Amino acid sequence: MWEDKETTAPIPSVAPDGEQPSAFARTVSITEIEETRKQFGKIQIMTMPELMETRFRVRPAVIDGLLPVGTYLLAGAPKIGKSFLVLQMAYQVSMGAPFLGFSSRQGTVLYLALEDTCERLQKRLAQMTEQDSEHLILSVFSETLDEGLTERLSDFWSEHTDTVLIIIDTLQRVRGRTPDNGSYAADYDTLARLKEFSDTFGVTVLVVHHTRKEGAEDVFNMISGTNGLMGAADGALLLHKDKRTASDAVLEVVGRDQPQLRLHLRFAAAHLCWELLEAETERYREPPCPLLKVLSRLVNEENPSWNGTATELAQCLSKMDSSQSFTPNWIVRTLNARQDTLLRKYDIHYVAHRTKEGKSLSLRWDGVR
């Protein structure tokens, strides 16, 4: 597999004037930001052309169509099966296996099972699967946020840089106790601290939480606490049943980067796993992009790489498909915004960099992944 070795996020491309824009990420030094961006106190500004010329790091979903990169809540009533669901998720993502029929991206998974014991986890995993996963790491102890949890997660990431998912079961075990618990500000701050870690390192954080007893017209209003939790999170998954004793349940999914889903599940007690019965909402499908389709004809297994300027690429693509209008500016803007789709759907890795002659584009087929 050909990998991008750059470690800062996002990855800036080269601006039209030849200067390299800085990035919003915490991993970029303050000096670099001050040299390339005007700031007003903490307000760091960039023009629309600078934004459109920036190539951000590709952060593919952990579970395609179900769990993008970000900070998410998984809520449900006590003893409804949330811990079985997240343990199943943790194992299958660590193995790169589909979860509820959705493909997953393999990587290290840290599962903080803070309401369980090691003996209980051992019994559940022995019943759930016959194959061990070296990429699934578990703990039944953790600091709270006030005790430095995010710092410990940063330390963990430094030793396991392939980490794609961290599950915290449950929120109450890490939020600590403050006089303001139960206020919007306290709830928002709790999730915001985890989200800051997630955004900095590109790791998805899934936090297990409870629902309140009373119902609500919008099921997501059943999540215990104030709207501050949902306000800070990137999305939420809510598991609920019509009857506690029923084996069937519904998993509702909503988020900033995906359409709402409603999944009908059934619990298979023999293997302690949830199974997908029906997806009530059709999965989101990105509209086709003519540029990406033509690029897949230019760069593929037979012709694994292409290098040149945006102008040269526009000329090349126009010869291949005269029915489309390819301009250098449109090509760069589209590649910067759709590079994740280009890699995921067509196995083409895109890089923009600066040379003595100006801005250069590189496309490389990555189909050996």
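The values are calculated or read from the model by the stated rules, or taken from the named source; none is laboratory data. Predicted model, so just to flag it, every value in this text is computed and none were measured. In this analysis, Cβ positions are derived from the backbone assuming ideal geometry, glycine residues included, and neighbour counts consider all displayed protein chains. The protein model used for the area step is the full one, side chains on, heavy atoms only, and it has no ligands, DNA or RNA in it. Shrake-Rupley method; radii C 1.70, N 1.55, O 1.52, S 1.80 Å.
Taking the condition open to solvent by 60 Å² or more (accessible area, probe 1.4 Å), at pLDDT below 95 and not β-branched (Val, Ile, Thr), does Glu282 pass? The answer is yes for Glu282.
Quick check on the range 252-275. Is at least one of its residues in contact with a His (Cβ under 7 Å, 6 or more places away or on another chain), at pLDDT 90 or above and open to solvent by less than 60 Å² (accessible area, probe 1.4 Å)?
Start the filter on the range 252-275 by keeping residues that are in contact with a His (Cβ under 7 Å, 6 or more places away or on another chain), which leaves none.
No, the range 252-275 contains no residue that is in contact with a His (Cβ under 7 Å, 6 or more places away or on another chain), at pLDDT 90 or above and open to solvent by less than 60 Å² (accessible area, probe 1.4 Å).
If I ask for residues that are assigned to a helix (DSSP H, G or I), open to solvent by 30 Å² or more (accessible area, probe 1.4 Å) and not aromatic (Phe, Trp, Tyr), which ones from the range 311-333 would you list?
Thr311, Glu312, Gln315, Cys316, Ser318, Lys319, Met320, Pro328, Asn329, Arg333
One residue stands out among those in the range 141-158 that are farther than 27 Å from Cys273 by Cβ and polar (S, T, N, Q): the one that is most open to solvent (accessible area, probe 1.4 Å), which is Ser158.
For the range 116-140, the tally of residues that are closer than 22 Å to Thr204 by Cβ and exposed (fewer than 11 other Cβ atoms within 10 Å of the Cβ) stands at 1. Quick check: is even one residue across the range 121-134 in contact with a helix residue (DSSP H, G or I) (Cβ under 7 Å, 6 or more places away or on another chain) and within 20 Å of Gln258 (Cβ to Cβ)? Within the range 121-134, not a single residue is in contact with a helix residue (DSSP H, G or I) (Cβ under 7 Å, 6 or more places away or on another chain) and within 20 Å of Gln258 (Cβ to Cβ). Conditions: (1) open to solvent by less than 20 Å² (accessible area, probe 1.4 Å); (2) farther than 26 Å from Leu194 by Cβ; (3) not basic (Lys, Arg). Ser247 meets all but one. Number of the miss? Here Ser247 meets the rest and fails (1).
Please determine whether any residue of the range 362-369 is open to solvent by 50 Å² or more (accessible area, probe 1.4 Å), of a type in the set (A, V, I, L, M, F, W, C), within 30 Å of Gly65 (Cβ to Cβ) and modelled with pLDDT under 90.
Residues of the range 362-369 that are open to solvent by 50 Å² or more (accessible area, probe 1.4 Å), as a first pass: 364-365, 368-369.
Applying the additional criterion that residues be of a type in the set (A, V, I, L, M, F, W, C) yields 365, 368.
Subset that is within 30 Å of Gly65 (Cβ to Cβ): 365, 368.
Next cut, modelled with pLDDT under 90 only: 368.
Looking for residues that are open to solvent by 50 Å² or more (accessible area, probe 1.4 Å), of a type in the set (A, V, I, L, M, F, W, C), within 30 Å of Gly65 (Cβ to Cβ) and modelled with pLDDT under 90, one finds at least one in the range 362-369, hence yes.
For the range 112-133, a residue qualifies if it is in contact (Cβ under 8 Å) with a residue 40 or more places away in the chain and not polar (S, T, N, Q), and the qualifying residues are Leu112, Ala113, Leu114, Glu115, Asp116, Arg124, Met128.
For first residues located in the range 85-111 and surrounded by fewer than 23 Cβ atoms within 10 Å (Cβ to Cβ) and assigned to a strand (DSSP E or B), partners that are at pLDDT 95 or above and small (Gly, Ala, Ser) and lie 6+ apart or on another chain with Cβ distances below 9 Å form the pairs Thr108/Ser94.
Residues of the range 220-259 that are part of a loop (DSSP other than H, G, I, E, B), in contact (Cβ under 8 Å) with a residue 24 or more places away in the chain and either touching a strand residue (DSSP E or B) at 6+ places or on another chain (Cβ under 9 Å) or small (Gly, Ala, Ser) (or both): Ser224, Gly225, Ala233, Asp234, Lys241, Arg256, Asp257.
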